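Colleague: Below is one structure. I have some questions about it.
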Amino acid sequence: MPLTLRFAVRSDKGLVRESNEDSVFAASHLLVVADGMGGHAGGEVASAALVARMAHIAPIGLGDDPSHALLSGIAAGNEDIARRIAERPELEGMGTTVTSVLLTPDARFAVTNVGDSRTYLLRGGELSPLTRDDSLIQTLMDKGRISEAEAAVHPHRSVVTCAVVGNAELAPAVTLLPAVPGDRLLLCSDGLTDLVPYEEIARLLREPERESVAGGLVELALRAGGSDNVTVIVADVVDEHMADAEGFLTAAGRETQDASRRGSRNLLIGGVLVLVAGVCCLLLLWG
């Protein structure tokens, strides 16, 4: 059964930052959120460079390696960032986080992240994280030195331990798991998760309309202070055929429908012409 993604995207610079350093890409098979860092110019350049490279990841075929596709995209973005830094030394220190999901033709998610941008899965009403932060806070929690409650208010909760910065040591992990129709994905920058409690995110994600859910998540971050850029993708997994039946009219469908309408008009015109010709013949015979 071929699956596809239907998505809603929202991004806002927040109430404190002067610009939006987040970048985002969404398609029927691929979702990417990147959160740039390194100052106004550098952060925008880094996140945009990475997302531009990852946007070229085409839908993979059966038997292709989804991990390779994702990692190749990140590697290409990493190389592009390194090139830009070499050309413009003032950009030294720029980088970006990234989280991404690739939907495979055999109904699996390939999920990866670098830094503290996150991916979540809502399935059967239960919300679960699919990524693990590369951050100082996550390291402290893993060592049992702070609790989740302490992590939520820690002054260094935005410090990442790994990011896409143009070096050659990047080796992110990729997780593969089954995709099921009805699954809902959330990809987001830390502008959401640093400000909005997990329970509030889960509650809103259970609402049916993804457009209003995406807008509502951003609104929650803004109401909580909007201290950072905030970007979200809310994506639903649907049967590709059912999606068309529910109103997503394909190009082929439009062409067929248009041809049918043209055919109907031609039949109507043809019928009128035949009727007129018949009337003319009768008048000649009677005359």
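The values are calculated or read from the model by the stated rules, or taken from the named source; none is laboratory data. Model, not experiment: these values are computed from the prediction. Cβ atoms come from the backbone with ideal geometry, glycine included; neighbour counts cover every protein chain shown. Each accessible area value is taken on the protein alone, full model and side chains, heavy atoms only, with ligands, DNA and RNA left out. Shrake-Rupley method; radii C 1.70, N 1.55, O 1.52, S 1.80 Å.
Colleague: Give the distance, in whole Å, between the Cα centre of the range 145-161 and the Cα centre of the range 14-53.
Modeller: 23 Å
Colleague: Taking the alpha carbon gyration tensor of the range 113-172, what are the square roots of 5 times its eigenvalues, largest first, to the nearest whole Å?
Modeller: Output for the range 113-172: semi-axes of 21, 19, 9 Å.
Colleague: Whenever you get a sec, line up R17, R6, R206 from highest to lowest accessible area (probe 1.4 Å, protein heavy atoms).
Modeller: Accessible-area ranking of R17, R6, R206, largest first: R206, R17, R6.
Colleague: Give a quick list of GluC sites (Glu not before Pro) in the range 56-164 that DSSP marks as loop, anything other than H, G, I, E or B, with at most 16 other Cβ atoms within 10 Å.
Modeller: Counting only loop positions with at most 16 other Cβ atoms within 10 Å, the GluC sites (Glu not before Pro) in the range 56-164 are E92.
Colleague: Please report, in whole Å, how far the alpha carbons of the range 1-122 spread along each principal axis, starting with the longest.
Modeller: Taking the Cα atoms of the range 1-122, the three principal extents are 49, 33, 19 Å.
Colleague: Roughly how much of K13 is accessible, in Å² to the nearest 10, using a 1.4 Å probe?
Modeller: 90 Å²
Colleague: Between beta-carbons, use under 12 Å as the cut-off and find the net charge around V218, counting Lys and Arg +1, Asp and Glu -1.
Modeller: Its environment carries a net charge of -2.
Colleague: What share of all Cα pairs of the range 127-212, in percent, falls into each consecutive 5 Å distance bin?
Modeller: 2, 10, 18, 21, 19, 15, 11, 4, 0
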